[in-house]
Amino acid sequence: MSAQTETKVCLLTGASGTIGYAIAQALKASSTPSLSWHIILIGRRLPPPSITHVDGKPPAALPYDTFLKVAEMTDEFSVASTLSSHFESLQNSPDDSVRSLNRLDLLVNCAGCSLGNDPIADVSADTFRNVMEVNLIVPFILSKWA
C-alpha cells in the first residue's frame, strides 16, 4: 500500500523581499513524499528577479503555487475580498484535489517596513503611520481573516 501525500496550505506575505521568499523556498524544500506545501503569496507585487534569479538565471520552479495581488494590503475589504474570491473558487472547483486546498494550515506574516535610518525627529507622522499600518494592521487583517 502506498502512502498518500498530505498537502498543507500556507498563506505568506512579504515574499517580494528576501526573508519572505526564503521562507517560501524553505517550506517547498521541506516537502517529503508524505507532506507537501501549497504556498499562496499575497501582496502588492511579485518577487522581483533580483530575488528569484540565481546568477542572472530564472529558477526552474518558483517556490509558490499562487500569487494574489492586492493593491493596498492595509485595506481590509480588498484583502478579505481577494482571499474570499480565491478560496470560493477552490471550493467550487469540480476537481477534488483543488477543492482539498480550500483551507489554511499556516499563515506567515512576513511583510514589513521600517522608518529607515533617519532620526525620529525627522520622521513625519504620515511616514510613522504607514509603518504602523504595514507592520501592525496588515497582520491583524490577515489573522482576523484566517
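Within region 68-96, residues that are touching a residue at least 12 places away in the same chain (Cβ under 8 Å) and under 19 Å from residue 132 (Cβ atoms) reach partners that are outside any helix (DSSP H, G or I) and among the aliphatic types (A, V, I, L, M) with beta carbons closer than 7 Å, at six or more positions or on different chains, in the pairs 70/42; 73/111; 79/70; 79/73.
Filtered by the rule that a residue be surrounded by 11 or more Cβ atoms within 10 Å (Cβ to Cβ) and farther than 17 Å from residue 37 by Cα, region 89-99 gives 89, 91, 93. Looking only at region 32-66, residues that are among the hydroxyl-bearing types (Ser, Thr, Tyr), more than 17 Å from residue 100 (Cβ to Cβ) and in contact with a strand residue (DSSP E or B) (Cβ under 9 Å, 6 or more places away or on another chain) come to 1 in all. Residue 77 passes every criterion in (1) over 15 Å from the mean Cα position of the chain (by Cα); (2) surrounded by 13 or more Cβ atoms within 10 Å (Cβ to Cβ) apart from (2).
Every residue, every condition in (1) within 19 Å of residue 27 (Cβ to Cβ); (2) modelled with pLDDT under 95; (3) among the aliphatic types (A, V, I, L, M), yes or no:
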residue	(1), (2), (3)
67	yes, yes, no
74	no, yes, no
88	no, no, no
105	yes, no, no
110	yes, yes, no
117	no, yes, no
130	no, yes, no
133	no, yes, no
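Within region 1-22, being at pLDDT 90 or above, open to solvent by 50 Å² or more (accessible area, probe 1.4 Å) and hydrophobic (A, V, I, L, M, F, W, C) holds for one residue alone: 19. Within region 42-56, the set of residues being open to solvent by 100 Å² or more (accessible area, probe 1.4 Å) and either among the polar types (S, T, N, Q) or at pLDDT below 85 (or both) comprises 50, 55.
The values are calculated or read from the model by the stated rules, or taken from the named source; none is laboratory data. Here the structure is a predicted model, which means the values were calculated and not measured. Counting neighbours? That spans all protein chains shown, and the Cβs are built from the backbone with ideal geometry, glycine included. With ligands, DNA and RNA removed, areas are computed over all heavy atoms of the protein, side chains included. Shrake-Rupley method; radii C 1.70, N 1.55, O 1.52, S 1.80 Å.
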